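Novice: Here it is, the structure, as structure tokens.
The values are calculated or read from the model by the stated rules, or taken from the named source; none is laboratory data. Since we're looking at a predicted model, the values are computed, not measured. FYI the Cβ positions are ideal-geometry reconstructions off the backbone, even for glycines, and counts take in every protein chain you see. These accessible areas exclude ligands, DNA and RNA; they are computed on the full protein's heavy atoms, side chains included. Shrake-Rupley method; radii C 1.70, N 1.55, O 1.52, S 1.80 Å.
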Amino acid sequence: MLESNYFHYIDKSLHCDKLALEELAGTFGTPLYVTSEQSLVDNYKAFERAFETLPHFTCYSVKANFNLSVIKTLAELGCGCDVNSGGELYRSLQAGVAPEKIIFAGVGKKYEEIAYSLTAGVLMLKAESLSELRTINRIAGELGKIASVALRINPNVTAETHPYITTGDSKEKFGIDEAELTEVFSLLPQLPNLKLVALDMHIGSQIFDPEYYVAATEKLLALFNLSKTMGFAIEFLDIGGGFPVTYDPRKIATPIERFAEKLIPMLKPAGVTVIFEPGRYLVANASVLLTKILYKKRNHAGKEFFVVDAGMTELIRPALYQSHHEVQAVTSRDEKVIADIVGPICESSDFFARQREIDAADEGECLAVMSCGAYAAVMSSNYNGRLRPAEVMVNGSDVKLVRKRETLEQLVQNELL
Ligand code: LLP
């Protein structure tokens, strides 16, 4: 069971801050994503506290949760944004983030996206290949602009995490090979519409061991020194995101302070501003997915299923990464059962938990799938003709609807007969 200051039981009833989740389900329907605003604020403050002695700039990685209200809450605290597409850039601007606080990433940026980000005036574009640098140079020239660019380095460090979320390994598509960098530095002076402002990396996600960051940062610092000897005056070193959170109470995430105490002494002497791109750390445990038990059934082998009204269309992580999410009854019971908690989608991989001990809740009652603030709503789909859920944000005893539930009309609105 995961309990926090933000999601906790009062008299056996799971609350978000001061509001009972059962009541929110009654008011807004299910499935429903419920976010605690205070949790977002506190996560950001904890991150900032950990790195406060290092000159740095934190850019929330919007891909984790791009809801406008989530972005706005973090931006109002001073956070910038790391975006990975024109769509995320648009969302961040709509949420009120200043363009000069936005950094633009992506292994395959389209020409239109490059032009859009240059016109908007983002802080930098993070380039991942020599071809991309040439393209940015050309588009910047056409627009009469000088593009600030970062070079995303592939440090060739294989962080121990799920293979689908490791990125800093030379087997993966990300970044410029470190061995290629001397060549890139030599060619940059021939690209007059570019200004090299940063070196960047991102080694993966949900990384528990700070030593992977240490190994990759050593490489980044060596390349930073090389850039200096080649006459570049780099202003930023971008360490990326990937800081871990607790999904499973048996596997507590390494506290952010352990990362800070290793990284600060390494990075401070460089004398530049360090950029961090946390996504999951800021949002994962700020939201739950609230879902109703539609049916309970038991098969001939005595196996019990809870069929709920949310599925892999609202949280694909268990199907895609075999990831663990706690599932908790909204009204807790003393009696427990072992059950599979499955969704309504026509796929065997449509489950939240298998053979899990859970409170013996009844049909019609709600369950909370925990840790659904990161990579849940953003990865949702209309598969099986599903309507994307509503999203609400809670602050104390106030709640506001921050995304309406999709309608049947919206499901077909872009199609032509
Ligand atoms: N920066 C870059 C360049 C990234 O590619 C990512 C994540 C981040 C920052 C933020 O990483 P975080 O701090 O959230 O770990 N869908 C997967 C995670 C994919 C992460 C992709 N890149 C999941 O559900 O676990």
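Novice: Whenever you get a sec, compute what percent of the accessible area on the range 191-296 sits on carbon and sulfur atoms (1.4 Å probe). List each step's numbers first, then the result.
Specialist: Values: 2160 of 3790 Å².
Of all accessible area on the range 191-296, carbon and sulfur atoms account for 57 percent.
Novice: Separate question: Sequence gap at least 6, Cα distance under 8 Å: using those rules, report the relative contact order of the range 105-278 to the nearest whole percent.
Specialist: Values: 297 pairs, mean separation 34.1, N = 174.
Dividing the mean separation by the residue count of the range 105-278 yields 20 percent.
Novice: Here's a follow-up. What percent antiparallel are the DSSP beta bridges of the chain, to the nearest 5? Mind dumping the intermediate values first?
Specialist: Values: 35 of 73 bridges.
Bridges in the chain are about 50 percent antiparallel.
Novice: Which shape class, rounded, prolate or oblate, goes with the range 105-278 when its Cα gyration tensor gives a ≥ b ≥ c as root eigenvalues, a/c under 1.5 marks rounded, and past that a/b bigger than b/c marks prolate? If you can, show how the numbers build up before the last one.
Specialist: Numbers: a/c = 2.02, a/b = 1.64, b/c = 1.23.
In terms of gyration-tensor shape, prolate.
Novice: At 1.4 Å probe size, with every protein chain present, just tell me what the per residue accessible area of the chain comes to in Å². Present the calculation step by step, with values, prior to reporting the outcome.
Specialist: Details: 17720 Å² over 417 residues.
Computed with neighbouring chains in place, this is 42 Å² per residue.
Novice: Enumerate the calculated ³J(HN,Hα) couplings along the range 6-18 in order (Karplus 6.51 cos²θ - 1.76 cosθ + 1.60, θ = phi - 60°), each rounded to whole Hz, writing x wherever the residue is Gly or Pro.
Specialist: Couplings: 9, 10, 8, 8, 10, 6, 6, 10, 6, 10, 9, 6, 9 Hz.
Novice: Quick one: what does P(r) look like for the chain with 20 Å bins over all Cα pairs, in whole %?
Specialist: So the P(r) values, bin by bin, are 26, 53, 20, 1.
Novice: Would you work out the charge dipole size for the chain about its Cα centre, treating the Cβ of every Lys and Arg as +1 and the Cβ of every Asp and Glu as -1, and quote it to the nearest 20 debye? Write down the numbers at each step before the final one.
Specialist: Values: 42 positive and 54 negative charges, 98 e Å.
So the dipole magnitude of the chain works out to roughly 480 debye.
Novice: Then there is this: Under a Cβ-only charge scheme (Lys and Arg +1, Asp and Glu -1), can you give me the dipole magnitude of the range 259-366 about the Cα centre, in debye to the nearest 20? Please list the in-between numbers first.
Specialist: Working: 13 positive and 16 negative charges, 75 e Å.
With Lys and Arg at +1 and Asp and Glu at -1, about 360 debye.
Novice: Under a point-charge model restricted to the Cβ atoms of Lys and Arg (+1) and Asp and Glu (-1), what is the dipole moment magnitude of the range 336-375 relative to its Cα centre, in debye to the nearest 20? Each step should come with its number before you reach the end.
Specialist: Numbers: 3 positive and 8 negative charges, 40 e Å.
With only Lys, Arg, Asp and Glu charged at Cβ, the dipole is about 200 debye.
Novice: How would you order 123-129, 64-70 from highest to lowest mean count of nearby Cβ atoms within 10 Å? It would help to have the intermediate numbers written out before the result.
Specialist: Numbers: 123-129: 24.4, 64-70: 22.6.
The packing order, highest mean first, is 123-129, 64-70.
Novice: Counting pairs of alpha carbon atoms under 8 Å apart in space and at least six apart in sequence, what relative contact order in percent does the chain give? Can you show the working numbers first?
Specialist: Details: 923 pairs, mean separation 82.4, N = 417.
Relative contact order, the chain: 20 percent.
Novice: Now, a different point. Tell me which DSSP H helices of the chain clear both cut-offs, 27 Å or more of axial length from alpha-carbon atoms and a mean Kyte-Doolittle hydropathy of at least 0.0.
Specialist: Values: long enough: 210-229 (29 Å, 0.15).
Helices meeting the criterion: 210-229.
Novice: Set Lys and Arg Cβ to +1 and Asp and Glu Cβ to -1, take the dipole of the range 27-101 about its Cα centre, and tell me which of 31, 57, 85 lies farthest positive.
Specialist: Checked the options; the winner is 31.
Novice: What order, most packed first, do the peptides 202-215, 395-408, 48-61 have when packing is the mean number of other Cβ atoms within 10 Å of each residue?
Specialist: On the way: 202-215: 20.8, 395-408: 13.7, 48-61: 19.3.
Put in order of decreasing packing, that is 202-215, 48-61, 395-408.
Novice: Around residue 82, with a cut-off of 11 angstrom between Cβ atoms, what is the net charge of the other residues, counting Lys and Arg +1 and Asp and Glu -1?
Specialist: Cβ neighbours under 11 Å give a net charge of -1.
Novice: Moving on. Quick one: which residues, 5+ away or cross-chain, put their amide H under 5 Å from the amide H of residue 56? H built at 1.01 Å from N.
Specialist: Distant-sequence amide H within range of residue 56: 274.
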